[in-house]
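What follows is calculated from the coordinates using simple rules that are stated; it is not laboratory data. Quick caveat, the model's predicted, so the values are computed rather than measured. In this analysis, Cβ positions are derived from the backbone assuming ideal geometry, glycine residues included, and neighbour counts consider all displayed protein chains.
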């Protein structure tokens, strides 16, 4: 078996990709918060394609997560002839929980007590749904309940990843053959797609089978297929870490990525999402196999990649703060014009500042225990 005995512990360029994706999520959510607050926004009237890249960036995060987790687990098994499930779970806890539960405390305990008519704030969770939402978010199941955390509604994706982490290392630890593991991941992807596409039955039937609708909604939100696609790439990269991608293949990947970013497919039943995930896996492969990726290794992009989890988790707070600062200086702000440009710049600056402070004074404290 052509497995690299000295697998890479750090793959250049991926931090840069992660940082760029985190910024793209901010752009889309600025417009979403403007819509929530009643300002003019691109969702009501159309807008530049890059505003809609936030959803694609989340798909990219899922693929990248599946790739990195699978690759690290394969490395651990190669090095130690074993995978420590307990240590894996503890590492995930130390990385994810501190920020997640800080925002949980702010959103569900502190936020309801913030009463200031001069501030624009997201709606509080209605009393009838409060304890249900509280419990699901506390149990890391935010993707199973609405409304979610009012100041971190994007945390649904963190719940998805945490649920994925529960069973993924068990699969990799149990299936020791890379070939069989590859087949298992393919079966997961195909099975999820077939379950979602069963919705076609409703289109040709006089009955509306609600259980098919629920299946479609569940697997549309869980994104396990996206992460499994990243896992497929991890197996391939683990076996052949020094492969050279020829010029023609690079052109095909770049063209496919450009088409995806400018004109997102809308095929339905999750196939459009699978296509996007495959293209992002190819992008990750392009970067991972690149001999020189100095652009993405620039200190700015590496910095953004390092604090990308914080950028992703705190950016809703950054948007809220920025909007209120804009309104303080311009009460007639309606979501357009010069102040809208300032809103974007200010949001990114505030979010990066908060994320950096969080990384230095909160996340690093817990990360040191990972070793």
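The length gained on full extension between residue 84 and residue 252, counted as 0.36 nm times the residue separation minus their Cα-Cα distance, comes to 56.6 nm.
Within 10 Å of each residue's Cβ, count the other Cβ atoms and sort 170, 27 from fewest upward. Ascending number of Cβ neighbours within 10 Å: 170, 27. Measuring how big the chain is from its alpha-carbon positions, Rg and Dmax come out at 21.3, 66 Å. On a 0 to 90 degree scale, rounded to 10, what angle separates helix 224-239 from the longest Cα axis of the chain? So the inclination is approximately 40 degrees. Cβ-to-Cβ counts within 10 Å put 124, 242, 29, 315 in ascending order as 242, 124, 29, 315, the fewest first. Most fluctuating residue of 338, 144, 167 in a GNM of the chain with Cα springs under 10 Å: which is it? Looking only at 338, 144, 167, the biggest GNM fluctuation is shown by 338.
Specify whether the C-alpha gyration tensor of the stretch 92-162 places it in the rounded, prolate or oblate class, a ≥ b ≥ c being the square roots of the eigenvalues: rounded for a/c under 1.5, otherwise prolate if a/b is larger than b/c and oblate if not. Prolate shape, in that a/c is at least 1.5 and a/b is the bigger ratio.
Computed from label points 7 Å out along Cα-Cβ, the spacing between residue 291 and residue 94 is 3.8 nm. Here the simple spin-label model places points 7 Å from the Cα toward Cβ, and for residue 345 and residue 106 these points are separated by 2.4 nm.
Relative contact order for the stretch 14-370 using alpha-carbon pairs under 8 Å, separation at least 6, rounded to a whole percent?
31
When the helices of the chain are scored as -39500 (n - 2.57) per DSSP H run of n ≥ 4 and the total is divided over every residue, the value at 222 nm lands at -22000 deg cm²/dmol. Between the beta carbons of residue 190 and residue 240, assuming R0 = 30 Å, the FRET efficiency works out to 0.80 to the nearest 0.05. Spatial offset of the stretch 284-354 relative to the stretch 142-174 amounts to 24 Å, using the alpha carbon center of each. In plain terms, the residue of 67, 248 with the fewest other Cβ atoms within 10 Å comes first and the most crowded comes last, giving 248, 67.
What is the stretch 63-194 by shape, rounded, prolate or oblate, if you read a ≥ b ≥ c off the alpha carbon gyration tensor as root eigenvalues and call it rounded for a/c under 1.5, prolate for a/b larger than b/c, and oblate otherwise? The shape class here is prolate.
Computed from the C-beta positions of residue 144 and residue 360 and an R0 of 25 Å, the FRET efficiency is 0.15 to the nearest 0.05.
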